[in-house]
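We did not get these values from a lab; they are worked out from the coordinates using the rules stated. Owing to the predicted nature of the structure, the values given are computational and were not obtained by experimental measurement. Glycine also receives a Cβ, built like all others from the backbone with ideal geometry; neighbour counts cover every protein chain displayed.
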Amino acid sequence: MSTTAQQLPTNGEGAHTRPLISIRDLSKRYETKKGATVALDGIDLDIAEGEFVSVVGPSGCGKTTLLKILAGLEERTAGDALLGGASIAGPRNDIGIAFQGSVMLPWRRIIENVLLPVELNEKPTPAHRERAHALLALVGLGEFADSYPNELSGGMQQRAAICRALVHDPSLLLLDEPFGALDALTREQLNVQLNSVWEQSGKTALLITHSISEAVYLSQRVVVMSPRPGRIVDVIEVPFGRKRGAEILTDPKFGEVADKIRQHFNGERKNG
Ligand SMILES: Nc1ncnc2c1ncn2[C@@H]1O[C@H](COP(=O)(O)OP(=O)(O)OP(=O)(O)O)[C@@H](O)[C@H]1O
């Protein structure tokens, strides 16, 4: 079942939830010596509080640009992007971000790496440390709080990066291919953990991914974009509850939703 970009999902009990993010007729044009690139054109999207939304689309369709605008790291050319009803005007500390290959500072123990976003604002309190330890335990890294990054695998470091993005209790979690560099099996395991972290934290999350199955597994809605100019071509609802286990991967409904998304890319590229 598709929705228009403007429609908000229900909270699973039939009631509509209020948007945390409102994107209105958003456009972004990059001007370079070689000429102009319209990276985003007329993007309209509401993301409800507590919702998990993924954005998929071919390389260059503007996914990272959209995420950067929401993070306040890139200026928009036209339109508006609001967080909690206020225009996003610059970097803010109520957003958590994890990118592909998120770097851990090698000289700091994992717990100190996770606490970094807190340290940027204040001296971490025992409550912050408790939260950091609880997050690490949630992703199975409870035993590694005092380890150094080089003692952890790539997948373990990415799990720590998710904890770091959540440690300051942000209202919005932005994820740009956080598991992109990992093997398929590790990625699948981390998706199960990420779903569990999201489900327990109740955070609003926006994920950019090249993997259709990752998008379907994690999201309540999947936004499909087309390239040059980057536009939303479909918004697809995923018919599973918030808490998900690996068994949904073999559910026929999972395949149906993934196929519906894949149809948009027929002839362009194969996605996970
Ligand atoms: N700083 C910049 N200056 C000029 N053009 C840019 C800049 N950043 C991105 N672009 C262009 O904007 C378009 C969208 O880029 P963006 O990185 O947002 O796409 P994407 O969908 O995230 O791509 P990918 O999936 O390959 O990461 C591309 O054509 C890119 O070349």
If GLU151, GLU247 are placed from fewest to most neighbouring beta carbons inside 10 Å, the sequence is GLU247, GLU151
Computed on Cα atoms only, the convex hull of the chain has an orientation-averaged projected area in nm² of 15.0 nm²
One quarter of the C-alpha convex hull surface, i.e. the mean projected area of region 189-272 in nm², amounts to 5.6 nm²
If R0 = 45 Å, then SER147 and ASP251, at their Cβ-Cβ distance, give a FRET efficiency to the nearest 0.05 of 0.75
Ordering 38-46, 226-234, 183-191, 214-222 by per-residue average of other C-beta atoms within 10 angstrom, highest first, gives 214-222, 38-46, 226-234, 183-191
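Antiparallel as a % of all DSSP beta bridges within the chain, to the nearest 5?
60 percent
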Charge dipole of region 103-238 built from unit charges on the beta carbon (Lys, Arg +1; Asp, Glu -1), centred at mean Cα; most positive-end Cα among HIS133, TRP107, ASN195 is TRP107
Expressed in angstrom and ordered largest first, the alpha-carbon extents of region 112-207 along the principal axes are 38, 31, 20
Amide H proximity to VAL238 below 5 Å, modelled H, separation 5+ or other chain, gives ARG221, VAL222
Per the helix-only model, the chain has a calculated mean residue ellipticity at 222 nm (DSSP H runs of ≥4, -39500 (n - 2.57) each, divided over all residues, rounded to the nearest 500) of -8500 deg cm²/dmol
So for R0 = 30 Å, FRET eff. of GLN189-ARG18 from the Cβ-Cβ r, to 0.05, ends up at 0.35
ARG242 and LEU105 label points (each 7 Å along its Cα→Cβ direction) are spaced in nm at 3.4 nm
To the nearest 0.05, the calculated FRET efficiency linking THR37 and LEU73 through their beta-carbon distance, R0 being 25 Å, is 0.90
